[in-house]
Amino acid sequence: MPRPKTFQHFRDVQEELGRSGAAIFRDANGVESLVIDSPYSIHYIHSYAEDSPFFLALAEGKLLGSRCTNPSCGFVYATPRGHCMVCGRPTEWKELPRKGRVHSWTTCQFGSEAFLKETPYNLAMIEFEGAGSLLLVRLKDCVQSDLYVGMPVEARFASDPKYSITDVWFVPSK
Amino acid sequence: MVSGGVTKFAKAHPAMDFRLMVKKAYDQAMAEVPNLTKDRITGTRVSYFSDHFSRQLKAASMVQDYLGLNPKGSVRIEWGGATGGECFQAAYEAVASGRMDVCLAAGYETMSRVATWKGNEFIALASDTNFDFPLGGFYTGYYALMVVRHMYEYLRLTKFAHVKDEREAQRLAIAEGQRIMSWVSVKNHINATHNPYAQYPKRLTVQDVLDSEMISYPLTREQICTMSDGAATAILCTESVAKELTDRPIRITGVGTGTDTMRLADRPFGSVPLYPHEKPKDYEHLPYPGVHSFRAGRSAGLEACRMAGITNPLRELDFIELHDAYASSEIQTYEDLGLCKYGEGYDFTLSGAPFLKNIDYGLDVPRAGQMPVNPSGGLIACGHPVGATGLMQAVFAFWQLQGRIKQHFGDPTLQLRNPRRGAIHSHAGTGSAVTVSILERGF
C-alpha cells in the first residue's frame, strides 16, 4: 500500500483529508504524524419539554413569554421560563406584544459552520413594554448602518415553521 | 503553589496528542522542584472544556494514566471558558481542606482537530441550544451584543450625551469604543513579543487592529482570541511541604467565583454589588448587570478580595492576568474587578494604567505601570486552549511573583519590579461563570 502524501502546512493536510482521507504532517523538526479524516454525525431526539408551547405558538404567529404566578412577584419573562428566577414559583404563559425596541444589536460576518451560508446576519436583543427580561432574535430587512439602540421593531413569523427560534424574526417598524 | 509548566500554545500541535502535551507541561513543572518525587503527589485535578474537540470521553483518565499517577485520586473539571481557573481552585480546595498534601492541576485543549468554524460551533453549544444557538451559534456575536450596549451606556450616554441626533451619537460612541478596544489589542500583542510561549506575538498599531477583518460588529479579528492547542500545569501543596520544595513558594490568599444566567436575555436590571471604596450613589441610575457587564466577575472579585483582605484592588494588587477572550471583555473586566468604577473602563484604558512602563507601544500612556494587565499578552496574543488557559495565567503569575520571568522567557522585559501580589481571572461564556484567585509572594 502507498503511504499517504506528506505536507508541511497543516492547512494542506486539512485539504488532503477532504480528498483522500489520510495525510502525513511533517513539522519543522521533521517529526511526522499520521492524520486521518474522522467524520461524526448524530441525530438527537431533542425534546423542547416545558418550552414546547413557545415553539408551537411561533408556528401560529404568536410570541409567548411567561409570567410568575405569585401575585406579589408577577415578573414577566420575554424569554419564557417554567419557573420564576426571582421567587421560584411556577410561571404561566403570557402573549407578548408584537412590537418592541432594540436593546442591543450586532451584525455577524461569520457564524459557526452551519450558519456561514447565512452571513452577514443581524442579531438583536429585544425589549418589550411590560416585560422584565429580553429576547434574542435575528433582525431582517435592514443592514448594519440602519441599526441603533432604541430602534422600534416588530415580529414576523415563518409561514412554513421549522419549530425553531428562527421561526420568529424582527424587522424595522414602519 | 510551588511550580508550574506550560507548552507553547499553537494553532495546531499535530505531533502531540493531549496526553503528550500535558506530560510536557508536567515534566517542566516537576523539573523545577527536584525534591518532589511522583510518590509524594497525593492526587490530581484535570481540566478540559469540550469532549467534542478530542472526541474522546473521559480523556482526563488518560492524562492521569499517561503521567503514571494511577491509582491516585483524580477528577475532571469543566466549567466552560473558566475551566482552567476552576481547576486551579479545585486543586486549591483539595489542599486547603486537608484532603491532599500535594495536588497537581493539569489542563489542556486540542482545538485544531476540527476546522475553525466547526470549533466555533462546539463553543457555541455552551449557549442555550433552544433559544440562542440556532440564531448563528456564534460567541463573538454574543460578546458584540454585550459591548454595543456597554458603549451605549458608557460612551453614548456620557461622552456623547451632547450629540442631539440619536443615531449619529451612537455611531460616534461605537467608533470611539472601537478605537479604545484597539489599544487593548495593541498592548497585549506587543507584550507577547517578549513571551516565547505566546501564539501570536506581534507589533500592531491601533490602525492595524481597526483595519483587520470585521468578525461581528464592532469586533475585528485582532480584538478576538483564536483557537489553540496547548497544556498547562500547576503544583499546589501545603505550606510545610512547600518549604521543603522551593525557596520561592507563592501563597494563594484569596479565591472567588461567581455565576450568571446562561442566556444574556435573562440577566436582571438590578443594583451593583459594591467594593468598599464605592458608594450606592455612584450607580444610582445604572441598570445592572443587564447585558453590558459581568456580574459573575464582580461577584468573584469581591469574594476573592474579601478573603485576601483587599479593600481597593487598584492600590493593593501589583498586576492582573485576566481573561481577554475579547478586547471588549478586558475593558468590561477592569470595571468588574473594581480597578475603576463602572463607566470608567474606556478612560482607564486611555490613561495607560494597564500598560507596562518599560515598553514602547507607540501610544501616549501617562499612567503606564500603575496596574499592568495581561503582562504576558493575555488570551488575545498567547492563545486560548480553553482547559489550559486559566492554568497558563497561574503559571505566568507564579513566575512573575517568583521574579523568574527572565529565566523562563529568556527576556527580562515583562518582569515587573518586585511584585508582591497578583490576581488571575478566568471567565466562561458571556460571563456565565468567573473565577478570581489571588496569589502572593510567600518568601
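Nothing in this text is a laboratory measurement; each read-out follows from the coordinates by a stated rule. Keep in mind the model is a prediction, meaning the values are calculated, not measured. Note that each Cβ is placed from the backbone with ideal geometry, even for glycine, and that neighbours are counted across all protein chains shown.
Of note:
- Built amide H within the under 5 Å cut-off of residue B:353, gap 5+: B:367
- Sorted peptide list for B:122-130, B:218-226, A:83-91, criterion being average Cβ within 10 angstrom, highest first: B:218-226, B:122-130, A:83-91
- For the options B:272, B:373, B:22, a Gaussian network treatment of chain B with springs between C-alpha atoms closer than 10 Å singles out B:272 as fluctuating the most.
- Rounded Å value of the spacing that divides the Cα centres of the range A:96-117 and the range B:167-208: 25 Å
- Residue A:6 long-range amide H proximity, modeled H, under 5 Å: A:24
- Listed residues A:122, A:70, A:29, most fluctuating in chain A (Gaussian network, C-alpha, under 10 Å): A:29
- In the protein assembly as shown, helices alone account for a calculated mean residue ellipticity at 222 nm of -9000 deg cm²/dmol, with every DSSP H run of four or more residues adding -39,500 (n - 2.57).
- Computed Kirkwood radius, in angstrom, where 1/r is averaged over Cα pairs of the range B:253-358: 14.4 Å
- Two numbers describe the Cα atoms of the range A:1-126: Rg and Dmax, which are 24.9, 76 Å.
- Rounded to the nearest 20 debye, dipole of the range A:59-174 from Cβ charges on Lys, Arg, Asp, Glu: 200 debye
- Alpha-carbon centroids, the range A:33-53 and the range B:253-301: separation in whole Å: 35 Å
- Basic side chains Lys and Arg get +1 at the Cβ, acidic Asp and Glu get -1 at the Cβ, and with that the dipole of chain B about its Cα centre reaches some 660 debye.
- Highest average first, the peptides B:167-176, B:104-113 ordered by how many other beta carbon atoms sit within 10 Å of their residues are B:104-113, B:167-176.
- Against chain A, whose longest principal axis comes from its Cα atoms, helix A:10-19 is set at around 90 degrees.
- Comparing mean-square fluctuations of A:27, A:160, A:51 from a GNM of chain A with C-alpha springs under 10 Å, the top value falls on A:27.
- If the Kirkwood radius is taken over C-alpha pairs of the protein assembly as shown, then at 20 °C and 1.002 mPa s the Stokes-Einstein diffusion coefficient equals 85 µm²/s.
- Förster radius 51 Å - calculated FRET efficiency between residue B:208 and residue B:61 (Cβ-Cβ, nearest 0.05): 0.70
- A straight Cα-to-Cα reach below 15 Å connects residue B:72 with the aspartates and glutamates B:39, B:101, residues fewer than 8 places away in its own chain not being considered.
- Note on residue A:42 and residue B:175: the model spin-label points, each 7 Å out from Cα along the C-beta direction, lie 4.8 nm apart.
- Each Lys or Arg adds one and each Asp or Glu subtracts one; over the other residues with Cβ under 15 Å from the Cβ of residue B:357, this totals 0.
- Reachable lysines from residue B:8, criterion Cα separation under 22 angstrom, eight or more residues apart if same chain: B:23, B:24, B:187, B:202, B:406
- A viscosity of 0.890 mPa s and a temperature of 25 °C, combined with the Kirkwood radius over C-alpha pairs in the Stokes-Einstein formula, give chain B a diffusion coefficient of 114 µm²/s.
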